[in-house]
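Colleague: Before I ask anything, let me first share the structure, which is written out below as structure tokens.
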Amino acid sequence: MNHLAESALLQPIRGYHTDEEGHWVAQLSCGHNQHVRHDPPLVSRPWVQTVAGRDSMLGYALRCKKCVDQAPLDNRPVVSS
């Protein structure tokens, strides 16, 4: 994949919601959702545990795996802080 195509897969975080198990999910600008769990030692995302931390990551670009797979857009529940 070339650099231009790879950069198109980087999608800014626009909001958050929780799933049915209470895990945080980032809502990306492309219309897909992506879990952003804090699950040490495997995944360290302490910022997801607080409102201030989540707010600080708004606009941060994540690589969207669903864009890579050309998946349909996700449902968007009401945004939570």
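The values are calculated or read from the model by the stated rules, or taken from the named source; none is laboratory data. Values in this document were obtained by computation on a predicted structure and should not be read as measured data. Heads up, the Cβs are rebuilt from the backbone with ideal geometry, glycines too, and the neighbour counts pull from every protein chain shown.
Colleague: How about the stretch 32-62: which of its residues are modelled with pLDDT of 95 or more, under 11 Å from the mean Cα position of the chain (by Cα) and not polar (S, T, N, Q)?
Modeller: If the condition is that a residue be modelled with pLDDT of 95 or more, under 11 Å from the mean Cα position of the chain (by Cα) and not polar (S, T, N, Q), then HIS32, HIS35, VAL36, VAL48, ARG54, MET57, LEU58, GLY59, TYR60, ALA61, LEU62 are the ones that fit.
Colleague: Moving on. Counting only residues that are assigned to a loop (DSSP other than H, G, I, E, B) and of a type in the set (Lys, Arg), which one in the stretch 12-49 is surrounded by the fewest Cβ atoms within 10 Å (Cβ to Cβ)?
Modeller: The residue in question is ARG37.
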